[in-house]
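*Asks:* Got a structure here, written out as structure tokens. Questions coming.
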Amino acid sequence: MAPPLTVDFHAHAQSPKAAELIAGAPNAPRADPNPHNEHLQATRYRAAFEDIAVRMQTMDRQRIDIQVVSPAPIYAYWADHDLSPRIAAASNEHVAEVCARHPDRLVGLGHVSLQFPDLAAQQVDEVMDSLGLKGVEIGTRAEDVDLDDPRLDPFWAAAQARRAPVFIHPAGTTLGKRVAKYYLTNVIGNPLDTTIALTNLIFGGVLERFPELRIVAAHGGGYLPSYFSRSHHGYEVRPELRTVSHPPLHYLRRMTVDNLVYEPEYLAHIVNVIGSSQVVLGTDYPFDMGQDNPVDLLEAAGLSSSDVQRIKADNALRLLGISS
């Protein structure tokens, strides 16, 4: 009998062509708040992105059988209707090429032009039908448009229709100068942006309008599962939060988060809040704010063997539509 699989839902690749298109755009923001841009220029990450053998060796060391590869989170939602699909295509074609090197161990997610919701809806079909990717990755907002904005409904409708997992990964923060030092843009800003995005999905009614959406959030869902009792209390006492038909926990437990929280006690708390059926493994390969030991973390969390198996592989395979 073969040993159970392990699936890392959170790993990245970076397209050189997409990076060139972004760097060469005259309207590209010069003060980019995305902390991953610094990493992408660092020599120490180049081999991890470019050398497939390094990726395979890392997966073996981490005890990962299958890695879900998404483009590095540089979404360029500022790009116009001509440039944006070219950036997305370059990113998606690169992910498909990486996955084609080891199709038994690598599956991919693609980028979409979320700032153009009708185009993004078309791109969901394109990445899945033409490139064989399993879903898409999006940011926590499209420039000034939050994820609960009704203008994004064509994208959500397409993702739901295709049963495509939508991996929500932050790309910087709107906190500005308050997190400009100590690398707080990433340490605090990224998980806070995810917290805001998921909260908007809940109270903005997106999960009510699209009940079959497959949402997966990076970095343990930000801070939301850690202090979700405050959201619940707000729903009980504040009329502004009575925007949905069910208590907020109903919607939180329909989202999935990765286990990128570094310590087993935090993982155990997340599982207690949202359930073992809603957690997957995540490394954030190859970035230093990721974790190199997702399976060790899981096995140290004091969970039942059935819960461990769900988080190791079963939940991810279900989301991806892959038979075990």
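The values are calculated or read from the model by the stated rules, or taken from the named source; none is laboratory data. Since we're looking at a predicted model, the values are computed, not measured. Backbone-built Cβ (ideal geometry, glycine too); neighbour counts: all protein chains shown.
*Asks:* Checking GLU212 against (1) assigned to a helix (DSSP H, G or I); (2) surrounded by fewer than 19 Cβ atoms within 10 Å (Cβ to Cβ), which test does it fail?
*Replies:* The one condition GLU212 does not meet is (1).
*Asks:* Then there's this: Any residue at all in the stretch 47-57 that's modelled with pLDDT under 95, under 20 Å from PRO170 (Cα atoms) and out of contact with any Phe, Trp or Tyr (no Cβ under 7 Å at 6 or more places or on another chain)?
*Replies:* yes
*Asks:* Kindly provide the set of residues from the stretch 123-139 that are within 26 Å of GLY205 (Cβ to Cβ) and part of a loop (DSSP other than H, G, I, E, B), ordered by number.
*Replies:* Once the filter is applied, which keeps residues that are within 26 Å of GLY205 (Cβ to Cβ) and part of a loop (DSSP other than H, G, I, E, B), the stretch 123-139 yields only GLY139.
*Asks:* Give the residue that is surrounded by the most Cβ atoms within 10 Å (Cβ to Cβ), with candidates limited to residues of the stretch 279-324 that are polar (S, T, N, Q) and within 26 Å of GLN14 (Cβ to Cβ).
*Replies:* Going through the qualifying residues, I end up with THR283.
*Asks:* So, one more: Out of all the residues in the stretch 192-207, is one or more touching a residue at least 12 places away in the same chain (Cβ under 8 Å), assigned to a loop (DSSP other than H, G, I, E, B) and at negative phi?
*Replies:* Yes, the stretch 192-207 contains at least one residue that is touching a residue at least 12 places away in the same chain (Cβ under 8 Å), assigned to a loop (DSSP other than H, G, I, E, B) and at negative phi.
*Asks:* If I filter the stretch 67-83 for residues that are polar (S, T, N, Q), out of contact with any Asp or Glu (no Cβ under 9 Å at 6 or more places or on another chain) and on the phi < 0 side of the Ramachandran plot, do I get at least one hit?
*Replies:* No: zero hits.
*Asks:* For the stretch 236-275, enumerate the residues that are over 17 Å from the mean Cα position of the chain (by Cα) and among the polar types (S, T, N, Q).
*Replies:* Correct list: THR243, SER245, ASN272.
*Asks:* Filter the stretch 135-178 for residues that are among the acidic types (Asp, Glu), under 16 Å from VAL124 (Cα atoms) and surrounded by fewer than 24 Cβ atoms within 10 Å (Cβ to Cβ) and give the result.
*Replies:* ASP153
*Asks:* Within the stretch 140-168, track down each residue that is part of a loop (DSSP other than H, G, I, E, B) and out of contact with any helix residue (DSSP H, G or I) (no Cβ under 8 Å at 6 or more places or on another chain).
*Replies:* Those that are part of a loop (DSSP other than H, G, I, E, B) and out of contact with any helix residue (DSSP H, G or I) (no Cβ under 8 Å at 6 or more places or on another chain): GLU143, ASP144, ASP149, ARG163.
*Asks:* So, in the stretch 86-98, exactly how many residues are touching a Leu at 6+ places or on another chain (Cβ under 8 Å) and buried (at least 24 other Cβ atoms within 10 Å of the Cβ)?
*Replies:* So the count comes out to 3.
*Asks:* Continuing with this model, one more query. For the stretch 272-282, give me the residue count where each residue is touching a residue at least 24 places away in the same chain (Cβ under 8 Å) and either outside any helix (DSSP H, G or I) or closer than 13 Å to LEU297 by Cα (or both).
*Replies:* The total comes to 4.
*Asks:* Restricting attention to the stretch 58-108, report how many residues are free of Cβ contacts under 8 Å to residues at least 40 places away in the same chain, over 30 Å from ALA28 (Cα atoms) and not in a helix (DSSP H, G or I).
*Replies:* 2
*Asks:* Do the conditions hold for ASP284, that is, is it within 25 Å of ASP193 (Cβ to Cβ) and modelled with pLDDT under 95?
*Replies:* It is false that ASP284 is within 25 Å of ASP193 (Cβ to Cβ) and modelled with pLDDT under 95.
*Asks:* Residues of the stretch 218-249 being over 16 Å from LEU207 (Cβ atoms), without any contact (Cβ under 8 Å) to a residue 40 or more places away in the chain and in a helix (DSSP H, G or I), which ones?
*Replies:* TYR227, SER229, ARG230, HIS233, GLY234, GLU236, VAL237, PRO239, GLU240
*Asks:* Count, please, the residues in the stretch 293-313 that happen to be touching a strand residue (DSSP E or B) at 6+ places or on another chain (Cβ under 9 Å) and farther than 19 Å from GLY222 by Cα.
*Replies:* 5
*Asks:* Which residues, counting only those in the stretch 228-249, are of a type in the set (Ser, Thr, Tyr) and loosely packed, with under 11 Cβ neighbours inside 10 Å?
*Replies:* SER229, SER245 - these are the residues of the stretch 228-249 that are of a type in the set (Ser, Thr, Tyr) and loosely packed, with under 11 Cβ neighbours inside 10 Å.
*Asks:* How many residues does the stretch 111-134 contain that are surrounded by fewer than 18 Cβ atoms within 10 Å (Cβ to Cβ) and among the hydroxyl-bearing types (Ser, Thr, Tyr)?
*Replies:* Residues flagged as surrounded by fewer than 18 Cβ atoms within 10 Å (Cβ to Cβ) and among the hydroxyl-bearing types (Ser, Thr, Tyr) within the stretch 111-134 amount to 1.
*Asks:* Then there is this: When you go through (1) more than 25 Å from TYR183 (Cα to Cα); (2) of a type in the set (Gly, Ala, Ser); (3) part of a loop (DSSP other than H, G, I, E, B); (4) touching a strand residue (DSSP E or B) at 6+ places or on another chain (Cβ under 9 Å) one by one for GLY290, which number turns out not to apply?
*Replies:* (1)
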